[in-house]
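Peer 1: Structure in structure tokens, see below.
The values are calculated or read from the model by the stated rules, or taken from the named source; none is laboratory data. This is a predicted model, so every value here is computed, not measured. Please note: Cβ atoms are built from the backbone with ideal geometry, for glycine as well, and neighbour counts cover all protein chains shown.
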Amino acid sequence: MSSSQAWPRIAAQPAPLDTRIRMETPEGIDLLLRPAGLLSRSLAFSIDLLIRGALLVGLLYLFQALGEVGTGLFLLALFLINWWYMVLFEVLNQGRSPGKQIMGLRVVHDDGTPVGWSASLLRNLLRFIDMLPFGYSVGAFTCLQHPMFKRLGDLAAGTLVIYRDSLTERPVLPEAQPVVAPLVLTLEEQRAVLAFAERQQTISPARAQELATILIAPLQLPAHTAPQHAVDQLNGIARGLAGSI
Amino acid sequence: MKQRQFEQRHQDTWLHFGERLDALERSRGKNDAGDGFTEQYRQICQHLALAQQRGYSSHLVEPLQQLAMSGHQQLYRHRSQFAAQLLNFVLADFPRLVRAEWRLMALASLLFFGSLIVMGLLVYGYPDLIYSVVSPAQVGEMESMYDPAAPRIGQAAERASSTDWLMFGYYIMHNIGIAFQTFAGGLLFGLGSLFFLFFNGLMIGAVAGHLTDVGFGETFWPFVVGHGAFELTAIALAGAAGLKLGWALLAPGPMPRGEALRVAAQTSVRLIGGVMLFLLIAAFIEAYWSSMTWPHANTKYLVGAVLWALVAAYLIFAGRSAHAPD
């Protein structure tokens, strides 16, 4: 690649099109956080609510046998479960209450670090305001207003509910003879060609051919090349980029 | 370096790091999965940066990103020296914080204790006034609780120790609930806190005035004077913490409102920590000391006065010298 190349070699990462946010860490890398929206968060909350309800009913039966001491203990348990269930789980279990764990969510600070005592306490105490005037209306409203889906408690505590992404299966590159690209590809173009090859399993052959046909001229193929040949050519470049085993 | 070569060369490192992360995520205790963690984490970060810069495919970059992300979570994971922090907080940080926020504290106290005293005096002078804030049924309930003539009714009577447990649980539940509401209300531009401070002041004042008026003061005052020191102060403190949030929203100064709120919240959540401590002490005193009937009323007044003085002295003087708690 010539040094007079107009494309910067170390290009800034393009801003993501979706709701993901980039968080630069002191290690000099970018973390990608995917904030969780209203629906999955309310589902997680409902699951937590059910668990808490079941727990309290169980404790009620258990403590009833103990008479007044039991009632006292039950009220203590009620307090703990009411105000501390979320806080304890979030701080001690990697930012995940059971409901969030089931929904694949976790709570982190704004900078992506795990949530601590004060932030967790704050966001859960202020839940009381988010619940106003009924059924989490304030929380739902602010959540939908905010680009990172924060409710008021999150805003005050500086926290964020994100998805814990699970790994996707690695696709196999389609069979093709590795070729060297006939022109210098920028990083973004390289990624696009690789992504085209990797995602071929998930798009129809017709669509793949349609996409490849657009590139017939830039790839310096004869104008009347069969569409499938263009696809093969792209796959070949992808193979060449990825390197052989 | 081609993507495949890169992958092959470092695959083992990535697998190993993934396993290590799993082990760390499962257990909170110290284990050997932590040895050499930072070196490997740095290496993963470097690989990620390389992979991104060389334009490798997103199916290679994304797993690396997730490894880096999980590693980041573990590296910065919450470490608490809980006991030491708590001690420092109780001995110095909390009273210092309250003094630093003395304006809000004064406002909250004025509102709460002011409405309490004024309402108490008003109800004492015009007994019918109580029905404007408390329903007749509740008034009857209150009266029966503190009726000195009743043989064994309510909190004033000597109780079995099991009942102490019951009341302890009840007080924790009830009082901290009120304090938390007073605090959280501050998010509504401070209006919620103002309302709860004022409302609770009115209620408590009205009940106190009424009970004194009907002649139950001799059971009521010895009962409340002890734990009141902690409980009432705690409500005022919770109000001050809430007002801090509200003030940050109303007058954010040079910062955007959201940022101002976040900064204010960091202070006020520590105030709330102190409030919880106060309420815990209050509930303890209320359940185990206030409910005793054998000490003479004068003893109770004396202890109550000492407790009030203690709270005041703590908030005013504790943590004044720079090195005391360290």
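Peer 1: Counting just the residues of region A:61-94 that are aromatic (Phe, Trp, Tyr) and more than 9 Å from every other protein chain (Cβ to nearest Cβ), which one comes out nearest to B:Gln181 (Cα to Cα)?
Peer 2: We begin by selecting, within region A:61-94, every residue aromatic (Phe, Trp, Tyr); these are A:61, A:63, A:74, A:79, A:83-85, A:89.
Applying the additional criterion that residues be more than 9 Å from every other protein chain (Cβ to nearest Cβ) yields A:61, A:63, A:84-85, A:89.
Values: A:Tyr61: 29, A:Phe63: 28, A:Trp84: 15, A:Tyr85: 17, A:Phe89: 22 Å.
That would be A:Trp84.
Peer 1: Does region A:95-117 hold any residues that are in a helix (DSSP H, G or I) and more than 9 Å from chain B (Cβ to nearest Cβ), and which are they?
Peer 2: First, pick out the residues of region A:95-117 that are in a helix (DSSP H, G or I): A:98-103, A:117.
Listed by number, the residues that qualify are A:Pro98, A:Gly99, A:Lys100, A:Gln101, A:Ile102, A:Met103.
Peer 1: Is it true that B:Met255 is in a loop (DSSP other than H, G, I, E, B), touching a residue at least 40 places away in the same chain (Cβ under 8 Å), out of contact with any strand residue (DSSP E or B) (no Cβ under 8 Å at 6 or more places or on another chain) and surrounded by fewer than 21 Cβ atoms within 10 Å (Cβ to Cβ)? It would help to see each step written out before you state the result.
Peer 2: Values: in a loop (DSSP other than H, G, I, E, B): yes; touching a residue at least 40 places away in the same chain (Cβ under 8 Å): no; out of contact with any strand residue (DSSP E or B) (no Cβ under 8 Å at 6 or more places or on another chain): yes; surrounded by fewer than 21 Cβ atoms within 10 Å (Cβ to Cβ): yes.
Judged against the criteria, B:Met255 is not a match.
Peer 1: Mind checking whether some residue in region B:82-95 is at the interface with another protein chain (Cβ under 10 Å from one of its Cβ atoms) and either closer than 30 Å to B:Val214 by Cβ or charged (D, E, K, R) (or both)? Show your work before the answer.
Peer 2: Kept after step one, since they are at the interface with another protein chain (Cβ under 10 Å from one of its Cβ atoms), are these residues of region B:82-95: B:82, B:85.
Subsequent filtering for residues that are either closer than 30 Å to B:Val214 by Cβ or charged (D, E, K, R) (or both) retains none.
The answer is no; no qualifying residue exists.
Peer 1: Check whether at least one residue in region B:115-137 is farther than 30 Å from A:Val91 by Cβ, of a type in the set (Phe, Trp, Tyr) and assigned to a helix (DSSP H, G or I), and report yes or no. Spell out the reasoning first.
Peer 2: Filtering region B:115-137 down to residues farther than 30 Å from A:Val91 by Cβ leaves B:115-137.
Those left that are additionally of a type in the set (Phe, Trp, Tyr): B:124, B:126, B:131.
The next check asks that each one be assigned to a helix (DSSP H, G or I); those that pass are B:124, B:131.
Among the residues of region B:115-137, at least one is farther than 30 Å from A:Val91 by Cβ, of a type in the set (Phe, Trp, Tyr) and assigned to a helix (DSSP H, G or I), which makes the answer yes.
Peer 1: Just need a number here: residues in region A:126-152 that are closer than 18 Å to A:Pro35 by Cα and of a type outside the set (Val, Ile, Thr).
Peer 2: 13
Peer 1: Within the group B:Gly120, B:Gly125, which residue is modelled with pLDDT of 80 or more and touching a Ser or Thr at 6+ places or on another chain (Cβ under 9 Å)? It would help to see each step written out before you state the result.
Peer 2: On the way: B:Gly125 fails: touching a Ser or Thr at 6+ places or on another chain (Cβ under 9 Å).
Criteria check complete, one pass: B:Gly120.
Peer 1: Now for a different question. Give the number of residues within region A:118-135 that are within 7 Å of chain B (Cβ to nearest Cβ) and in a helix (DSSP H, G or I). Let's see the steps before the verdict.
Peer 2: Step one: of region A:118-135, the residues within 7 Å of chain B (Cβ to nearest Cβ) are A:118, A:121-122, A:125-126, A:128-129.
Among the residues that remain, those that are also in a helix (DSSP H, G or I) are: A:118, A:121-122, A:125, A:128-129.
The number of residues fulfilling the criteria is 6.
Peer 1: Can you tell me which residues in region A:149-162 are among the hydrophobic types (A, V, I, L, M, F, W, C) and either within 11 Å of another protein chain (Cβ to nearest Cβ) or over 18 Å from the mean Cα position of the chain (by Cα) (or both)?
Peer 2: If the condition is that a residue be among the hydrophobic types (A, V, I, L, M, F, W, C) and either within 11 Å of another protein chain (Cβ to nearest Cβ) or over 18 Å from the mean Cα position of the chain (by Cα) (or both), then A:Leu152, A:Leu155, A:Ala156, A:Ala157, A:Ile162 are the ones that fit.
Peer 1: Looking at region B:52-62, is at least one residue surrounded by 22 or more Cβ atoms within 10 Å (Cβ to Cβ), part of a helix (DSSP H, G or I) and more than 9 Å from every other protein chain (Cβ to nearest Cβ)?
Peer 2: Looking for residues that are surrounded by 22 or more Cβ atoms within 10 Å (Cβ to Cβ), part of a helix (DSSP H, G or I) and more than 9 Å from every other protein chain (Cβ to nearest Cβ), one finds none in region B:52-62, hence no.
Peer 1: Another question about this same structure. Does B:Ala265 satisfy the condition of being at pLDDT 90 or above, in contact with a Lys or Arg (Cβ under 9 Å, 6 or more places away or on another chain) and either among the basic types (Lys, Arg) or in a helix (DSSP H, G or I) (or both)?
Peer 2: Numbers: at pLDDT 90 or above: no; in contact with a Lys or Arg (Cβ under 9 Å, 6 or more places away or on another chain): yes; either among the basic types (Lys, Arg) or in a helix (DSSP H, G or I) (or both): yes.
Spelling it out, it is not the case that B:Ala265 is at pLDDT 90 or above, in contact with a Lys or Arg (Cβ under 9 Å, 6 or more places away or on another chain) and either among the basic types (Lys, Arg) or in a helix (DSSP H, G or I) (or both).
Peer 1: For region B:225-252, which positions are aliphatic (A, V, I, L, M) and buried (at least 23 other Cβ atoms within 10 Å of the Cβ)?
Peer 2: Step one: of region B:225-252, the residues aliphatic (A, V, I, L, M) are B:225, B:229, B:232, B:234-238, B:240-241, B:243, B:245, B:248-251.
B:Ala229, B:Ala234, B:Ile235, B:Ala236, B:Leu237, B:Ala238, B:Ala240, B:Ala241, B:Leu243, B:Leu245, B:Ala248 - these are the residues of region B:225-252 that are aliphatic (A, V, I, L, M) and buried (at least 23 other Cβ atoms within 10 Å of the Cβ).
Peer 1: Conditions first: (1) more than 9 Å from every other protein chain (Cβ to nearest Cβ); (2) within 20 Å of the chain's Cα centre (by Cα); (3) surrounded by fewer than 22 Cβ atoms within 10 Å (Cβ to Cβ). A:Leu183 passes all but one, so which condition is the exception?
Peer 2: (2)
Peer 1: Checking A:Val57 against (1) loosely packed, with under 11 Cβ neighbours inside 10 Å; (2) at pLDDT below 90, which test does it fail?
Peer 2: (2)
Peer 1: Mind listing whichever residues of region B:193-206 are under 27 Å from B:Val98 (Cβ atoms) and in contact (Cβ under 8 Å) with a residue 60 or more places away in the chain? Quick ask: steps written out before the conclusion?
Peer 2: Step one: of region B:193-206, the residues under 27 Å from B:Val98 (Cβ atoms) are B:193-205.
B:Ser193, B:Leu194, B:Leu197, B:Phe198, B:Asn200, B:Gly201, B:Leu202, B:Met203, B:Ile204, B:Gly205, listed by residue number.
Residues checked against (1) closer than 22 Å to B:Glu62 by Cα; (2) outside the structural domain of A:Thr159 (by TED's automatic domain parsing); (3) modelled with pLDDT under 85:
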{"residue": "A:Met23", "(1), (2), (3)": "yes, yes, yes"}
{"residue": "A:Ala65", "(1), (2), (3)": "no, no, yes"}
{"residue": "A:Glu68", "(1), (2), (3)": "no, no, yes"}
{"residue": "A:Gln94", "(1), (2), (3)": "yes, no, yes"}
{"residue": "A:Lys100", "(1), (2), (3)": "no, no, no"}
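Peer 1: Being free of Cβ contacts under 8 Å to residues at least 60 places away in the same chain and buried (at least 22 other Cβ atoms within 10 Å of the Cβ) narrows it down to one residue among A:Ala157, A:Ala238, A:Ala242, A:Ala230; which is it? First the steps, then the outcome.
Peer 2: Numbers: A:Ala238 fails: free of Cβ contacts under 8 Å to residues at least 60 places away in the same chain; A:Ala242 fails: free of Cβ contacts under 8 Å to residues at least 60 places away in the same chain; A:Ala230 fails: buried (at least 22 other Cβ atoms within 10 Å of the Cβ).
Testing whether each residue is free of Cβ contacts under 8 Å to residues at least 60 places away in the same chain and buried (at least 22 other Cβ atoms within 10 Å of the Cβ) leaves just A:Ala157.
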